[in-house]
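The values are calculated or read from the model by the stated rules, or taken from the named source; none is laboratory data. Treat the numbers as computed from the prediction; the structure is a model and nothing was measured. No Cβ is skipped: glycine too gets one built from the backbone with ideal geometry, and neighbour counts run over all protein chains shown. Heads up: the accessible areas ignore ligands, DNA and RNA and are worked out on the full protein's heavy atoms, side chains in. Shrake-Rupley method; radii C 1.70, N 1.55, O 1.52, S 1.80 Å.
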Amino acid sequence: MRKNILLVLFLVIAGSCFAQKFEVIKEIKFGEPIQYYETWDPIEEGNPGILQMKCWKNQLILFDKDKHLYFNLSNSNQKREYKSLYNFLSFCQNDDILMLAEIGSINKLDLYITSLDIQAPNYTIDVTDIKDQISGLFYYTENKFFAKIDKSSFVYWDLLPDGKTKFHDSTQTQYELEDGLAEHLGISIEYGDVYFGENAMDLETAPNYINYWKDVKIKNKKYEWLSASFSTSFCKEGIDKRGLTYYTSVGNGYHIDLFAHPEIPFEYIVAVLDPWTHEVYICELPPGNWNPARNSKGFIAVNSSCIDFDGNFYLTDCNKEKGCYEIKKLSNDWLKKYDFYKREVGRMNANHIPLQLEAKSSAKNNGYNFDHEYLWILEHKSDWCKVRKVDGREGWVETRYINFDEGNKASSSYKTSVNTNVSENRIMACNDNLRLRKEEATSSAVITTMQKGTKVKILKLGKAETIDGISSNWVQVEVLADAKDKDGATIKAGTRGWCYGGYLD
């Protein structure tokens, strides 16, 4: 959730930072369903406004504070109503799981893992008995959903296949952690707080975050002086599929409390942190691109922002002349200015996997990798990948434990393209370097990476899936003659495997 106004912690200097305009992707007429009022009390974040916004699996989920309901921007018939005025929570983890919740009258956590209908959660958890203890930190791994209940304690629920859950209270959880669960999941307690794994991508909660911020380097010269205060000047928005972490802040040219001076225009700043190099790239949004809802006295109502898994930035806005709220999008195309797209990144799909010093299971290890951890892929070798962790350690990990972004391309997650041309017995060509896998899943072992232009014959259609904004089927294929891998080596004709049909023409 975006706080409606921030006490500005830094001076925005007019200059030549890279700027880009918003694209209006959706207009919501006042009252359909979100009301607009000329007069309201600014206490408790004000009214009206879109209190929360989350992007999950190509969908934007908004929360209307006035009517106490979540609704799906792409399907407004999907609504999830709650009763309390306050204590709403939403949580999204790496596009894997969404949580919509109320800790007030209803006291439940609605979890969505495969369901794309916010009216039909996969799991609903009653938290009445512990509602006063939940601190707001959640974590999902191995069909376990953890909730932090005080400074160094957790409870968790097993998410069972039949839609039921099994609760483990703090005493049970602590016993299991001490009995090996903590080591398996990479849970540690430092500075009095609990941390999951070595997932330093979440730099606000990672054990090494205090030292990490000392090395942050802001690439835009006019903002270099912010390096020393970056961690306190920006609010975290989330992490994209390349492991880049997004932050935002508000600037107006003065060290000033905007609560007391609503008449002063101000602008959004989007900052992107590359966790492997500690470099920060800043996109300065031009003044006038943001016109938040104001009451008759000029005070600003609530507004929200978020990113999607492709790194596109979304912001709620208000257009009084047209009588509507606007959902604005800032495409991540500006990132192409840098080298992010040249880097291959994978994400761990299992816990406590050794970081081997050589590409063999008998080799010594240099620590472990944990679920959701992002890795910079340096080299492919048979069923192994040479990787670099965020802390700089390098080593080898079996490919089957790494999920890859098929195609490694940027795309819009709000509009989805569809590849329906795949069919059995059809001969098609790879429109980019494309992995040939043993099974129809990004977590499956890689047989080889086919070079762009490689021709294949489709033997069988597999499951349908949306990857990188493209909807298509996995397909079992046979590689035809004269095929090459990404390094130019020959792939034997007749080699069979599975690939994603969205990257075949």
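A few notes on this one:
- Here each label is just a point 7 Å from Cα along the line to Cβ, and for Asp505 and Leu378 those points are 3.4 nm apart.
- Extension gain for Glu81 to Lys166 (0.36 nm times residue separation, less C-alpha to C-alpha distance): 28.1 nm.
- A 1.4 Å probe, protein heavy atoms only, puts the accessible area of Thr39 near 110 Å².
- Pairs from Lys219/Lys389; Lys57/Lys144; Lys221/Lys486 whose Cα-Cα separation, in the structure shown, is over 27 Å: Lys221/Lys486
- Set Lys108/Lys322; Lys131/Lys328; Lys151/Lys328; Lys83/Lys164; Lys342/Lys460; Lys381/Lys457 screened for pairs whose C-alpha atoms are more than 28 Å apart: Lys108/Lys322; Lys131/Lys328; Lys151/Lys328; Lys342/Lys460
- Cβ-Cβ distance of Glu23 and Ala464, R₀ of 30 Å, FRET efficiency by 1/(1 + (r/R0)^6): the value works out to about 0.60.
- Annotation: extensible slack from Asp129 through Gln35 equals 30.4 nm (criterion: 0.36 nm per residue apart, minus Cα-Cα distance).
- Compared with the alpha-carbon gap, the fully stretched path from Tyr175 to Lys217 is longer by 10.9 nm at 0.36 nm per residue.
- Residues in region 425-442 reached by a label modelled at Leu480 [backbone nitrogen below 16 Å; 7 Å Cα→Cβ]: 425-432
- Theoretical FRET efficiency, 1/(1+(r/R0)^6), r = Cβ-Cβ of Asp487 and Asn143, R0 30 Å, to 0.05: 0.20
- Atom-type composition of the exposed protein surface of region 311-394 places 42 percent of the accessible area on carbon and sulfur (1.4 angstrom probe).
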